[in-house]
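S.K.: Pasting a structure below so you can have a look.
The values are calculated or read from the model by the stated rules, or taken from the named source; none is laboratory data. Given the structure is predicted, the values throughout are model-derived calculations rather than measurements. Virtual Cβ from ideal backbone geometry, glycine too; neighbours counted across all protein chains shown. Accessible surface is based on the protein model in full, side chains and every heavy atom, while ligands, DNA and RNA are left aside. Shrake-Rupley method; radii C 1.70, N 1.55, O 1.52, S 1.80 Å.
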Number of protein chains: 2
Amino acid sequence: MWAEMSFADQTQFTPLVVCELAEDTKEEAVEWLLSRIKEKQRNGGAEFQVSRLLPALSQDDKKENPNIFLVGASWQRLLIGAEDLGLIKEFSDGSMRTFTYANREDFKDFQGDGDGFLSMAECQLIIKHELDTLRAKQETYVPGYPKIKLYPGKSIVRRMHSKGILLQIFPLHDKEELKRLSSTWYQQIRMAFQPLDDIRRYFGESLALYFGFLEYFTLAMLPMAIIGIPYYFFDWENYDNYVVFAICNLIWTTVMLEMWKRFGACLAYSWGTLSRKKAFEEPRPGFHGVLGHNPVTGREEPVYPNAKRHLRIYLVSLPFVLLCLYVSLCVMMVYFDAEGWVLGLHDVEPTFWTGLLLFLPSIVYAVVIEIMNRLYRYAAEFLTDWENHRLESTYQNHLTLKVLVFNFLNCFASLFYIAFVMQDMPLLRQSLATLLITSQILNQFLEAFLPFWLQKRRNKRVQRNESQTALGSKLPFEKQVMLEADMSTYLGTFDDYLELFLLFGYVSLFSCVYPIAALLVVLNNVTEIYSDALKICQVFKRPFSEPAANIGVWQLAFESMSIIAVVTNCALIGMSPQVKSYFPESESQLILLVVAVEHVFLVLKFILAFVIPDIPKHIQIKLARVEFESMEALKKKKMLEAPATPIKGQ
Amino acid sequence: MWAEMSFADQTQFTPLVVCELAEDTKEEAVEWLLSRIKEKQRNGGAEFQVSRLLPALSQDDKKENPNIFLVGASWQRLLIGAEDLGLIKEFSDGSMRTFTYANREDFKDFQGDGDGFLSMAECQLIIKHELDTLRAKQETYVPGYPKIKLYPGKSIVRRMHSKGILLQIFPLHDKEELKRLSSTWYQQIRMAFQPLDDIRRYFGESLALYFGFLEYFTLAMLPMAIIGIPYYFFDWENYDNYVVFAICNLIWTTVMLEMWKRFGACLAYSWGTLSRKKAFEEPRPGFHGVLGHNPVTGREEPVYPNAKRHLRIYLVSLPFVLLCLYVSLCVMMVYFDAEGWVLGLHDVEPTFWTGLLLFLPSIVYAVVIEIMNRLYRYAAEFLTDWENHRLESTYQNHLTLKVLVFNFLNCFASLFYIAFVMQDMPLLRQSLATLLITSQILNQFLEAFLPFWLQKRRNKRVQRNESQTALGSKLPFEKQVMLEADMSTYLGTFDDYLELFLLFGYVSLFSCVYPIAALLVVLNNVTEIYSDALKICQVFKRPFSEPAANIGVWQLAFESMSIIAVVTNCALIGMSPQVKSYFPESESQLILLVVAVEHVFLVLKFILAFVIPDIPKHIQIKLARVEFESMEALKKKKMLEAPATPIKGQ
């Protein structure tokens, strides 16, 4: 289907991936890289098809980079690559099995020579994977660059990328498919679920899981939003009656997260990533160290002692993070002092100017928090880079942890302070509303308005280009590629998840004092779906599909938040005047009771998490069946291989 | 080595396993079973060697069961069985790899035709596994027993066992080896570690892990015992100073359990069970239901709806367990009332008889607890059986959970009551001492003295037999088999672990008020090692080796206990007069502080559990290397299998 994509007739293959080298790359290096990509697999090449985007430089293309290459592959090559990658596809009997080239005919949807069996995103992932694993054989350096050493087994593409010769590799959009996806996804406003399977087919599992989680989270929040409305608008709500609401909250957070695991497992199973074995992870490009031997693969690669990394983590990063947290708390205290001072000033002599002054501390504090967040983010990235983690996944985990802790404190410390130190419920309510509404407006601006504006500007530029080439409605393929190469790169789902995480925090921690919060979050999430979809389809370069079986470290983060929510809600319940009135004479009895209730809730939470299986029964059975069959097949194979000599004895 | 075992010369094979059928079994059933065991594998048999223990009944053997059979196998057959079982052995390069018959020469210690490569316990396990998986083909019933139906695929041995035709299958002891093991293990008292590798070689991984855990637990308790001595004997100890001790306790329990996981992983790795894939589990013999198809294997087998089982668990078992817990609490309250009443009586009019009466409630309570424990155990077994679990492992988990909860309450409820309701520290101390010392004396009697006495009696009988046959020093092989068949069966490590669990509870929960507890437990454990070793070597039938990678559900149980210990110790700290004196005016402030400290400890515990890897780095690397190599090998294999037709295009 997307194979029909129009492409200038100088090549006979479907371009899938674009590979951009620096403009001033020496011709010998270019030639060498291309030859390695084209070389037969048995000679250590990738056996792909490559062609230069702009073979002859026309006059008006002078300013464009000539070293942009299109990479494609034959169907057979892609199918073999799919096997290498360990892709899991639906078998003819409805189960999900690891694809093998030998059994290709037995897979569902496999027709003829296999055209259309793999989605475009899968083909692009295969090409990326094979390019990444294109390894140096005997070469000692990249031709033309004696300084860029290559040792046997080193990934050529990663080396050239980290040295700045290879600027980027990115997958091409399929305009037809994208248009179809956009129309069902976000271009009309209607009551329907997102087309998750189509999103996954076009963008891969990692992004589809994000959108799946976003949708699930929004729907799961609906009951809380509906319960919250009468609490907010009618008399129910008077700061005292929030006990029932807090208990709802507790149950909701636990059940919601457990259910998501099961729902996510269903999605991942149907996408074939649930049982996919993780391939051996290569060191991340920025990893450096003395050249040594990897104890697992035996390959030559940089080695960096674990002990040194631990020293860096525990003696530098950890103290730095703690210091930052301390500074953030100090800033918060200054803010509360300033607010108190301004309030005092206004009380003594209320004028228009002191009335205006009342807003100043909040505004300054919000700006300072935003600045601190940005600065800290840079520092965290620098530190995590400096910790020199071998794997991209470890790097991401350490970075996520650092950023999460700081963001959590920045967003929630003031609320905790108001709730438990000042014990001022009206102020808590007001602060929560302010934080929630401003952060939503800010996010909506940054994620919906800004992308929309960028999109508009881009459209204009495209139209100008079109009028230049005067080709009518369709943009020539070369222009389209250049355009995509210029788009900014999507940096992953981190910030999107972080936003959801903070919203989840506002609702689960404090919504009992501001029951309308859930509704606000639902409304925010609905627009979030549209703005995120717009962003990923129109604003950014197409990202490579990323196989994912779950939302990874975020599941842990959300679960930690829900544990904190238990503690917070119990404490809030204990502080409600309604509950306090039952224990007029003995405060310590009340505290003991609240602590007991909290412990019971925590234990229940753990039991629930233990009792509810993470993977639904029907999927467990399917997984077990495939495993059982492969074990039986192995046994049969062994029986055939068993020694022909008769067994002695008897 | 053990192949040299002397055996009457009518057979040419080494007997490994004994198979005892009921005395009145019909001859056709016996013949049929033997033929199935002897039959070639390609015809669906087990291809083992079998011979009757007592071919011609001599005069004095009339009273003995003639249907006792010895089973053995040729070396090739055993090696093929080892591959079926998925045994993991040390490869020539020092790594642990799944054994395959084809690559047998590349494994370390493989010499000649493979004699001595497998331990006797492994051979016996292989025979048991193959006998268990001997399946009915077309037979509709066991010959001679039209009522004992067989459907295709049903395990013959399990069927005959559950119907009472097959009485038992058990592995034979190797007298020479056992003597050697005993002498290094428990027959001399000396300062040395247990010969865990030899234990594992003779009894299998599950038992060796138990003894490994017992030893580790004892050694890990030593620091606490040493810290406890001065606390107990010198002035340090006056109920007030236990804060430091409680904190030591908290750290110790956490670190100890985390370290055990690593140590256990090392053991399991060196024994080849850490990375062993679990075979598909067959339904347990007692499982019944309507005949249907297993959704995983597609085989015909009983099917029992999950919903029904859940109804039984949640509507019958759970209420029953809760009722039992309630009754146990009631009994405890009666005990406290009785004790109070007796104390009052003694205070009013102290005579010799009232002095004696003082002990009565405790004694009665102890006896009642013991009776309740036994009754409850039967009830729990009955209920868990009635819940009709499909797998033996699920059955065991449900039974363990039921028994654990009840035993925990029985042992600790009174201590909790004294500590937190009565807040009577001297009484807590006294009760703890009584419980600990009496339970130890009881256990030592049941586990050391009783086995020793049994052993003595057995020796006498053996000597009498010997004098009858007048053969001198060595018992004839047939007598030895009969003797072993008469020994009682070892029912698994459950009770042994339970005892350790309760001892761990006494130390981790309350030892801060009775610091000498750890020392008592250490002393108990040292004798425990000897008595358990004696028991398993001399008193019971040799158990089949059971592969195990860890201590299973007990790790969870010990960790739950250590979490409860955090809560308890924090509460005890908060109640100490020493701490209370810092907060003379505000009790609620103290409580809040204690709760905060407790939460910090709990969080630290979880972080520690998360940060300390469960498997030591060097073993992770070894595991990763084997996986990486097998992946690479698979890739190479695929390359060879890749289509011969050249890839089109370009």
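S.K.: Just the residues that are open to solvent by 20 Å² or more (accessible area, probe 1.4 Å) and either over 15 Å from A:Val507 (Cα atoms) or among the acidic types (Asp, Glu) (or both), please, taken from segment A:200-223.
M.R.: Those that are open to solvent by 20 Å² or more (accessible area, probe 1.4 Å) and either over 15 Å from A:Val507 (Cα atoms) or among the acidic types (Asp, Glu) (or both): A:Arg200, A:Arg201, A:Ser206, A:Glu215, A:Tyr216.
S.K.: While we're here: Return yes or no: is A:Thr253 over 26 Å from A:Ile126 (Cβ atoms), part of a helix (DSSP H, G or I), at pLDDT 85 or above and touching a Ser or Thr at 6+ places or on another chain (Cβ under 6 Å)?
M.R.: Judged against the criteria, A:Thr253 is a match.
S.K.: Further question on the same structure: Do you know which residues across segment A:71-95 are open to solvent by less than 20 Å² (accessible area, probe 1.4 Å) and part of a strand (DSSP E or B)?
M.R.: A:Val71, A:Gly72, A:Ile88
S.K.: Now for a separate question. Just checking, does segment B:294-302 include any residue being free of Cβ contacts under 8 Å to residues at least 40 places away in the same chain, open to solvent by 80 Å² or more (accessible area, probe 1.4 Å) and either of a type in the set (Ser, Thr, Tyr) or in a strand (DSSP E or B) (or both)?
M.R.: no
S.K.: Please go through segment B:480-515 and pick out each residue that is more than 30 Å from B:His173 (Cα to Cα) and in a loop (DSSP other than H, G, I, E, B).
M.R.: B:Tyr514, B:Pro515
S.K.: For segment B:392-403, give me the residue count where each residue is among the aliphatic types (A, V, I, L, M) and open to solvent by less than 20 Å² (accessible area, probe 1.4 Å).
M.R.: Here the count works out to 2.
S.K.: Right, next: Checking the conditions here, which among A:Leu323, A:Leu343 is surrounded by fewer than 14 Cβ atoms within 10 Å (Cβ to Cβ) and either not in a helix (DSSP H, G or I) or not charged (D, E, K, R) (or both)?
M.R.: A:Leu323
S.K.: Let me ask you something else. Among A:Phe117, A:Phe110, which is the only one that is in contact (Cβ under 8 Å) with a residue 24 or more places away in the chain, part of a loop (DSSP other than H, G, I, E, B) and open to solvent by less than 30 Å² (accessible area, probe 1.4 Å)?
M.R.: When all the criteria are applied, what remains is A:Phe117.
S.K.: So, in segment B:101-139, how many residues would count as being of a type in the set (S, T, N, Q) and out of contact with any strand residue (DSSP E or B) (no Cβ under 9 Å at 6 or more places or on another chain)?
M.R.: So the count comes out to 3.
S.K.: Shifting gears a bit: When you look at B:Val513, is it more than 30 Å from B:Leu483 (Cα to Cα), within 14 Å of chain A (Cβ to nearest Cβ) and surrounded by 17 or more Cβ atoms within 10 Å (Cβ to Cβ), yes or no?
M.R.: When the stated conditions are applied, B:Val513 does not pass them.
S.K.: For segment B:409-433, enumerate the residues that are open to solvent by less than 70 Å² (accessible area, probe 1.4 Å), farther than 14 Å from B:Glu499 by Cα and among the polar types (S, T, N, Q).
M.R.: Selection gives B:Ser414, B:Ser431.
S.K.: Within segment B:574-589, is there a residue that is open to solvent by less than 30 Å² (accessible area, probe 1.4 Å), out of contact with any Ser or Thr (no Cβ under 8 Å at 6 or more places or on another chain) and under 25 Å from B:Cys266 (Cβ atoms)?
M.R.: No, that holds for no residue.
S.K.: Which one is nearest to the other protein chains (Cβ to nearest Cβ) among residues in segment B:559-573 that are open to solvent by 30 Å² or more (accessible area, probe 1.4 Å) and under 20 Å from B:Leu428 (Cβ atoms)?
M.R.: B:Val567
S.K.: Can you pull out the residues in segment B:601-621 that are closer than 18 Å to A:Asn294 by Cα and either more than 12 Å from chain A (Cβ to nearest Cβ) or open to solvent by less than 70 Å² (accessible area, probe 1.4 Å) (or both)?
M.R.: If the condition is that a residue be closer than 18 Å to A:Asn294 by Cα and either more than 12 Å from chain A (Cβ to nearest Cβ) or open to solvent by less than 70 Å² (accessible area, probe 1.4 Å) (or both), then B:Pro616, B:Ile619, B:Ile621 are the ones that fit.
S.K.: Next question. Whether any residue in segment A:208-218 is within 21 Å of A:Leu118 (Cα to Cα), under 20 Å from the mean Cα position of the chain (by Cα) and at pLDDT 90 or above is what I want to check.
M.R.: yes
S.K.: Now a separate question. Of these, B:Leu311, B:Leu274, B:Leu315, B:Leu291, which one is hydrophobic (A, V, I, L, M, F, W, C), more than 14 Å from every other protein chain (Cβ to nearest Cβ), on the phi < 0 side of the Ramachandran plot and assigned to a loop (DSSP other than H, G, I, E, B)?
M.R.: B:Leu274 is the lone residue from the list that is hydrophobic (A, V, I, L, M, F, W, C), more than 14 Å from every other protein chain (Cβ to nearest Cβ), on the phi < 0 side of the Ramachandran plot and assigned to a loop (DSSP other than H, G, I, E, B).
S.K.: Do you know which of the residues in segment A:81-97 that are within 12 Å of another protein chain (Cβ to nearest Cβ) and free of Cβ contacts under 8 Å to residues at least 24 places away in the same chain is nearest to the chain's Cα centre (by Cα)?
M.R.: A:Glu83
S.K.: Now for a separate question. So which residues in segment A:98-108 are more than 11 Å from chain B (Cβ to nearest Cβ), among the charged types (D, E, K, R) and within 19 Å of A:Arg77 (Cα to Cα), if there are any at all?
M.R.: If the condition is that a residue be more than 11 Å from chain B (Cβ to nearest Cβ), among the charged types (D, E, K, R) and within 19 Å of A:Arg77 (Cα to Cα), then A:Glu105, A:Asp106 are the ones that fit.
S.K.: Which of the following residues is touching a helix residue (DSSP H, G or I) at 6+ places or on another chain (Cβ under 9 Å), at pLDDT 90 or above and acidic (Asp, Glu): B:Glu122, B:Glu139?
M.R.: When all the criteria are applied, what remains is B:Glu122.
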